[in-house]
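The structure appears right after this line, and notes come after that.
The values are calculated or read from the model by the stated rules, or taken from the named source; none is laboratory data. Here the structure is a predicted model, which is why all the values come from computation and not from measurement. Backbone-built Cβ (ideal geometry, glycine too); neighbour counts: all protein chains shown.
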Amino acid sequence: MTTGAAASTLTLLAAPSTSSQLFGSFLIGLREGLEAAIVVSILVAFLVKSGRRDALKWVWLGVGSAVLMTVVVFLGIQLGEHTIQDLAAEAFAGVASLLAVVIVTSMVLWMKKASAGLSGELRDGMTRALDTGGVAVLALSFLAVGREGLETALFMVGYANASTAWPLTGLILGVLVAAAIAYAMYRGAVRFDLGKFFRYTGIFLIVVAAGILSYGIGALQTVGWLPVLTGKAFDVSALFTWSSDHLFGRFMQGLTGAVEGIFNVSPNPTVLQLLCWAGYLIVVLMVFLRPARTTVETPTQRSAERSTT
């Protein structure tokens, strides 16, 4: 890749606007925080109803350990982005982005498949953990919550080059709102259609992951690790340029900045970036939105199940 092309690609990786940093990270924190909070509420409710409040301390230790792990991963990504310089920073960002897309995609698709039976799986797991001991209860809660925490930290790769605390602020606000919603649900104060929530936010996260993939491809092209299809697919940068002399121009500046920052949408992507972004969206959305298969039990299967209970 030529120096000019590298410099052009580097401009694609500029820090997003304040509004996009805050709003995008807030939505990520809300979605992932609600998943984690629901997991915790299921475990706590099971122990309370089972008369095993003595095991709650192990659940909270596991949750605390998962939060600590999330913070360590989050800070590691941020520190790596800000301490490594020049092309090494681009290589780090590219590899971290691709790794994040792989892990996050697998988790989003797994959650779609497992959400229907998640409560029962957690209760069964807790029953076995209680029989084993406190450390097993701690491990169960750590893994259940840590899965969401790791996904959250990886989603924040897109904000790793931000020089302000707005992404972290938005993330914390999202988690706090999620905790409040989950507590209200636990107390029976509100009813929430979790199926629709996870479906719509799942689509949002897939679009975000597609942007992170494009971001990573651009970074690796900058360092010359992907020296293919480096030409510009198109350039609509002029459409993203608005005068701040009037209200409409300032509004459009904020709107385009938010879209570009939240979804890592580039006005001048390379051909490889565009192909990977579009291909990822098409394939993953088709898998995510595909209706779940329902199995119809035969009379023989039902009688066999009755005989084993």
Residues located in region 79-99, provided they are modelled with pLDDT of 80 or more and either under 16 Å from the mean Cα position of the chain (by Cα) or more than 10 Å from Ala219 (Cα to Cα) (or both): Ser97, Leu98, Leu99
Selected residue (criterion: surrounded by the fewest Cβ atoms within 10 Å (Cβ to Cβ)) from residues of region 85-108 that are polar (S, T, N, Q) and free of Cβ contacts under 8 Å to residues at least 12 places away in the same chain: Gln85
Subset of region 182-212 that is surrounded by fewer than 20 Cβ atoms within 10 Å (Cβ to Cβ) and modelled with pLDDT of 85 or more - its residue that is nearest to Gly279 (Cα to Cα): Val207
One residue from Gly125, Gly146 being within 24 Å of the chain's Cα centre (by Cα), surrounded by 17 or more Cβ atoms within 10 Å (Cβ to Cβ) and modelled with pLDDT of 80 or more: Gly146
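If you take the residues of region 27-53 that are of a type in the set (Gly, Ala, Ser) and under 27 Å from Pro167 (Cα atoms), which of them is surrounded by the fewest Cβ atoms within 10 Å (Cβ to Cβ)? Step through it out loud before you land on a result.
At the first step, the residues of region 27-53 found to be of a type in the set (Gly, Ala, Ser) are 29, 33, 36-37, 41, 45, 50-51.
With under 27 Å from Pro167 (Cα atoms) added as a condition, the list becomes 29, 33, 36-37, 41.
Values: Gly29: 25, Gly33: 25, Ala36: 26, Ala37: 22, Ser41: 17.
By that ranking, first place goes to Ser41.
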Helices (runs of 4 or more DSSP H) lying entirely in region 213-309 (those with 3 or more residues that are within 29 Å of Met107 (Cα to Cα) and at pLDDT below 70): 247-263
Residue pairs meeting the criteria (Cβ under 7 Å; at least 6 apart or on separate chains; first farther than 18 Å from Leu138 by Cβ and in contact (Cβ under 8 Å) with a residue 12 or more places away in the chain, in region 59-77; second surrounded by 14 or more Cβ atoms within 10 Å (Cβ to Cβ) and β-branched (Val, Ile, Thr)): Ile77/Val157
Unmet criterion (only one of (1) closer than 19 Å to Ser119 by Cα; (2) surrounded by fewer than 16 Cβ atoms within 10 Å (Cβ to Cβ); (3) of a type outside the set (Ser, Thr, Tyr)) for Val63: (2)
